[in-house]
Amino acid sequence: MEGIMIINGSPRAPKSNSKKYAELFAKYCTVPSEYFAITNKNHLELCRKMENYTHILFVFPLYVDGLPVTLMNFLKTLEEQSPKTKLQVSVLVNCGFIEPEQNNVAVKILQCFCKKQGYPFGSVLRIGSGEAILNTPLKIFAIWKIKQLATSVAKGKNRNLKTTMPLPKKIFIRASTNYWENYGKRNGITPAQMATMGIEEGSV
Amino acid sequence: MNLILSDRRIELPINNRSTEFIDLSGLQISNCIGCFGCWTKTPGKCVIRDDAVKVYPKIAESCKILYITKVKYGNYDTIMKTMLERSLPIQQAFIRLLNGETHHIQRAVAPKQATVIGYGNISNEEQEIFKQLVARNASNMCFEDYRVIFSHEDTLEQTVINEVTSWKE
Ligand SMILES: Cc1cc2nc3c(=O)[nH]c(=O)nc-3n(C[C@H](O)[C@H](O)[C@H](O)COP(=O)(O)O)c2cc1C
């Protein structure tokens with residue numbers, strides 16, 4: 001049976017953007033899929049479940065230009081506990097900055113894992129402005145590409161896709177400043193407090 | 001201040017008051033949970049009060065910094081990567097343009113001369129990826145200048161000594 005195992009590698013999986021991207025993927029994918037989030041305790045369980053699927057889609061955020069530790073730790077377990085038949089691996093990575101190309105190195109890291117461990121590599125979607133895009137009308141750009149990703153994964157194709165908010169960078173910066181100021185405001189923190197140059201100083 | 005940040009113990013015959021050596025493997029540091037508390041609740045401070053909160057102020061302060069890390073699939077292995085992720089409080093939430101790309105504004109972070117020593121049995125492909133990764137980090141981690149050096153684990157100590165000795169000149 002064909003099936004896609006969607007694995008969320010965000011350390012805040014229950015509240016993550018990755019989860020929302022995964023839900024959109026599942027919605028538009030014609031092949032059955034099942035969603036899992038990596039926790040500290042379920043590595044072995046996830047490795048065992050892989051026997052039931054033909055594809056893996058790793059959905060994760062860019063962390064310090066690479067894979068988040070949550071996903072790195074899981075890959076290390078997978079290296080030890082790999083399933084007998086190697087599934088095809090695809091990637092949906094999102095980053096906070098507007099340039100989807102900032103995700104390129106993370107994709108290469110995952111491809112390197114696949115090559116070393118013998119997993120055939122499938123398709124990639126790199127999303128820029130991934131923290132914000134789904135909260136704006138510009139989410140149609142993300143949805144459009146997620147549909148394309150879902151089609152290529154279902155067909156076993158190797159496509160390399162990217163998307164972001166189609167805004168001039170200066171306007172993106174203004175919008176993101178607004179976004180973060182409102183985030184602080186909800187916690188009772190002013191923009192000036194957020195802009196402190198101090199590190200580990202005072203109590204806020 | 002000079003800082004050496006390592007993911008394992010290393011015997012270093014240095015006796016230099018301006019250089020501090022931190023062995024991350026001896027510290028209690030859990031992974032970043034992406035809560036953005038360090039930007040929007042207690043700006044400049046991580047809400048997880050473990051050993052990481054002693055380390056990132058030193059990273060921010062240092063002008064010369066040496067990272068010593070095992071390389072895995074072209075990424076920092078998890079000990080170093082955990083610390084890099086937990087250093088988010090030294091940046092602000094706010095974004096600016098840097099060389100035409102969007103990046104965060106830094107808090108009081110000194111511009112750095114950085115050296116990154118990646119060790120382990122690292123293939124050419126992994127070396128290439130790791131170099132590209134450090135080049136990306138340079139924009140986010142305030143590197144004015146940086147070098148990447150690769151070493152086998154059994155020659156690591158000597159590689160580190162050579163590097164640190166060259167600092168004194
Ligand atoms: C520790 C940490 C490091 C991050 N590093 C980067 C980065 O290097 N580049 C970037 O564009 N975004 C970076 N981000 C932003 C996330 O990629 C972005 O917020 C993403 O939408 C989070 O996705 P998630 O909700 O699925 O975890 C970082 C976020 C955190 C918490």
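The values are calculated or read from the model by the stated rules, or taken from the named source; none is laboratory data. No experiment lies behind these values; they were computed from the predicted model shown. Reconstructed Cβ throughout: ideal geometry from the backbone, glycine too, with neighbour counts over all protein chains shown.
Of the residues A:46, A:92, A:75, the single one that is crowded, with 19+ Cβ neighbours inside 10 Å, away from chain B (no Cβ under 14 Å) and more than 11 Å from the chain's Cα centre (by Cα) is A:46. Does at least one position in the stretch B:111-124 carry a residue that is facing chain A (nearest Cβ under 9 Å) and assigned to a strand (DSSP E or B)? Looking for residues that are facing chain A (nearest Cβ under 9 Å) and assigned to a strand (DSSP E or B), one finds none in the stretch B:111-124, hence no.
Quick one: would you say residue A:173 is crowded, with 18+ Cβ neighbours inside 10 Å, hydrophobic (A, V, I, L, M, F, W, C) and either under 17 Å from the mean Cα position of the chain (by Cα) or farther than 21 Å from residue A:19 by Cβ (or both)? Here the answer is no, as residue A:173 does not meet what is asked.
You will find that of B:132, B:92, the residue that is within 16 Å of the ligand (Cβ to nearest atom), at pLDDT 95 or above and in contact with a Pro (Cβ under 9 Å, 6 or more places away or on another chain) is B:92 and no other. Please go through the stretch A:88-117 and pick out each residue that is touching a Ser or Thr at 6+ places or on another chain (Cβ under 8 Å), outside any helix (DSSP H, G or I) and under 21 Å from residue A:157 (Cα atoms). The answer is A:88, A:90, A:91, A:92, A:94. Hey, among the residues in the stretch A:95-123 that are in contact with a helix residue (DSSP H, G or I) (Cβ under 7 Å, 6 or more places away or on another chain) and surrounded by fewer than 19 Cβ atoms within 10 Å (Cβ to Cβ), which one's nearest to the other protein chains (Cβ to nearest Cβ)? Ranking the candidates gives A:117 first.
Residue A:58 - would you say it is within 16 Å of the ligand (Cβ to nearest atom), of a type in the set (A, V, I, L, M, F, W, C) and in a strand (DSSP E or B)? Here the answer is yes, as residue A:58 does meet what is asked. Every listed requirement among (1) in contact with a Lys or Arg (Cβ under 8 Å, 6 or more places away or on another chain); (2) surrounded by fewer than 24 Cβ atoms within 10 Å (Cβ to Cβ) is met by residue A:29 save one, (1). Counting the residues of the stretch A:61-71 that are touching a Gly at 6+ places or on another chain (Cβ under 8 Å) and more than 7 Å from the ligand (Cβ to nearest atom) gives 4.
Does the stretch B:31-83 hold any residues that are at the interface with chain A (Cβ under 7 Å from one of its Cβ atoms), more than 13 Å from the ligand (Cβ to nearest atom) and either part of a helix (DSSP H, G or I) or surrounded by fewer than 20 Cβ atoms within 10 Å (Cβ to Cβ) (or both), and which are they? Matches in the stretch B:31-83: B:41, B:42, B:53, B:57, B:60, B:78. Residues that are at the interface with chain B (Cβ under 7 Å from one of its Cβ atoms) and in contact (Cβ under 8 Å) with a residue 12 or more places away in the chain within the stretch A:178-204 comprise A:180, A:189, A:194, A:204, listed in sequence order. Considering only residues of the stretch B:8-30 that are more than 12 Å from the chain's Cα centre (by Cα) and crowded, with 18+ Cβ neighbours inside 10 Å, which is nearest to residue A:184 (Cα to Cα)? The residue in question is B:29. The combined condition, being away from chain B (no Cβ under 11 Å), touching a strand residue (DSSP E or B) at 6+ places or on another chain (Cβ under 7 Å), at pLDDT 95 or above and within 14 Å of the ligand (Cβ to nearest atom), is not fulfilled by residue A:149.
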